[in-house]
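Read-outs: derived from the displayed coordinates by stated rules, not from any lab. Quick caveat, the model's predicted, so the values are computed rather than measured. Quick reminder, even Gly has a Cβ in these numbers, built from the backbone with ideal geometry, and neighbours come from all protein chains shown.
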Amino acid sequence: MTSVNKRPWVVTDAVVFDVLLLVFFVTFAVTSFQYNVRARSIPLAIGLLGGAMMTLQLLADALPRVGARLRFISQGGLLSRPNALAKRREPVTDALSSDAAPVEKAAEEPVTWFRVFRMVVWLFGFIALLAWTHYLIAVGVFTFLVVVGEAKESWVRALILTLCVCGSFYLLFNVVLGAQL
């Protein structure tokens, strides 16, 4: 006898988080109509694009059947996958071991929440840097430290990425948009 799931939707912490982000993006888009026509374009675009993306993510998380059809939506991300370089450094374990998977999964969850906490601390540090320094300095320091500290990349790669990001921000905000930040 098979059990039939009466509810096709599932409420999890991911669904609640998706709903909160969807409300944020919709609010962002709606409040952008209070700005003048020139100032409205970027917040409206971010709100609509973010809202559309969060709607798809919400469908994938809340409705497993729909999520199975949306193959381009995955549960991967910065905090869920180990670095490819770190994978190569890990010792090889026996994949056929029956008790390796539950122990590994249980040990992985607190580490994931600690990573989330670290990312929140990084963001608060970035906000503090924005308050006390020029935005290009804040973006550069934040990018460099996160790439070296979290992604565990070499300082040379982090420096190249930092220069590219700062150069792009300078071109976009100072040259193209003429913003006085």
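Quick rundown of the values:
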| quantity | calculated |
| --- | --- |
| Residue order, fewest to most surrounding Cβ atoms within 10 angstrom, among Phe169, Phe124, Phe142 | Phe124, Phe169, Phe142 |
| Two-site label geometry, Asn174 and Leu145: point separation in nm, points 7 Å out along Cα→Cβ | 2.2 nm |
